[in-house]
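Below: one structure, written as structure tokens.
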Amino acid sequence: MALYEWKDEYSVGVTRFDNHHKKLFDIVNRLHEMMKEGKGADVIEKVLRELVDYTRYHLTEEEKTMERIGYSDITNHKRAHKIFTDQLNEAMVEVDKGRAIFVVIKLSSTIIDWLINHIFVIDKKYLSEMTAGGVQ
Ligand SMILES: [Fe+2]
């Protein structure tokens, strides 16, 4: 069974971003499986980097879309992303030092915990403006 299940209540109402969020859940679950199977540090590190890269990609895409539609709360939203990205960058210093295997559990659960909280507190606010801006 997957460690983290994406639920309908996590939907932000924008299919593209829901798909991004689902993919983040998938990567974290894959990492969890790999840890259980005792996979080597090199492959774990590769997938951990994929997770962090995809998180960055997702946040950037969301910001680009908010810019395009002239989202009214973009400053606050970008600030929340920036605080989290700084945290990710800090964690990646450890990964760069070859400590991926020591940070993988904490980092992957941090990303999911942050994401779920961020969806409910910040992301869900953009739906009406996204819809009005033609984003689905
Ligand atoms: Fe966001």
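Summary of computed values
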read-out: Residues located in the range 120-136, provided they are within 15 Å of the ligand (Cβ to nearest atom) and not in a helix (DSSP H, G or I); value: I122, V135
read-out: Residue check for V28: under 17 Å from E5 (Cβ atoms), open to solvent by less than 80 Å² (accessible area, probe 1.4 Å) and assigned to a helix (DSSP H, G or I); value: yes
read-out: Answer from S108, S72 - the residue that is of a type in the set (S, T, Y) and more than 17 Å from the chain's Cα centre (by Cα); value: S72
read-out: Residues of the range 48-70 satisfying the condition of being hydrophobic (A, V, I, L, M, F, W, C) and either within 12 Å of the ligand (Cβ to nearest atom) or farther than 14 Å from G133 by Cβ (or both); value: L48, L51, V52, L59, M66
read-out: Some residue of the range 85-105 being within 11 Å of the ligand (Cβ to nearest atom), assigned to a helix (DSSP H, G or I) and either within 17 Å of F17 (Cα to Cα) or aromatic (F, W, Y) (or both); value: no
read-out: N117 being within 30 Å of G40 (Cβ to Cβ), free of Cβ contacts under 8 Å to residues at least 12 places away in the same chain and either in a helix (DSSP H, G or I) or among the basic types (K, R) (or both); value: no
read-out: Close pairs from the range 70-94: first among the small types (G, A, S), partner part of a helix (DSSP H, G or I) and surrounded by fewer than 17 Cβ atoms within 10 Å (Cβ to Cβ), Cβ under 9 Å, at least 6 apart; value: G70/E129; S72/E129; A80/V121; A91/K106; A91/T110
read-out: Sole exception among (1) within 12 Å of the ligand (Cβ to nearest atom); (2) among the charged types (D, E, K, R); (3) within 21 Å of L24 (Cβ to Cβ) for D73, by number; value: (3)
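The values are calculated or read from the model by the stated rules, or taken from the named source; none is laboratory data. Since the model is a prediction, treat every value here as computed from it, not as a measurement. Cβ coordinates were reconstructed from backbone atoms using ideal geometry, including for glycine residues, and neighbour counts include every protein chain displayed. Calculation scope for accessible area: heavy atoms of the full protein, side chains included, ligands and nucleic acids excluded. Shrake-Rupley method; radii C 1.70, N 1.55, O 1.52, S 1.80 Å.
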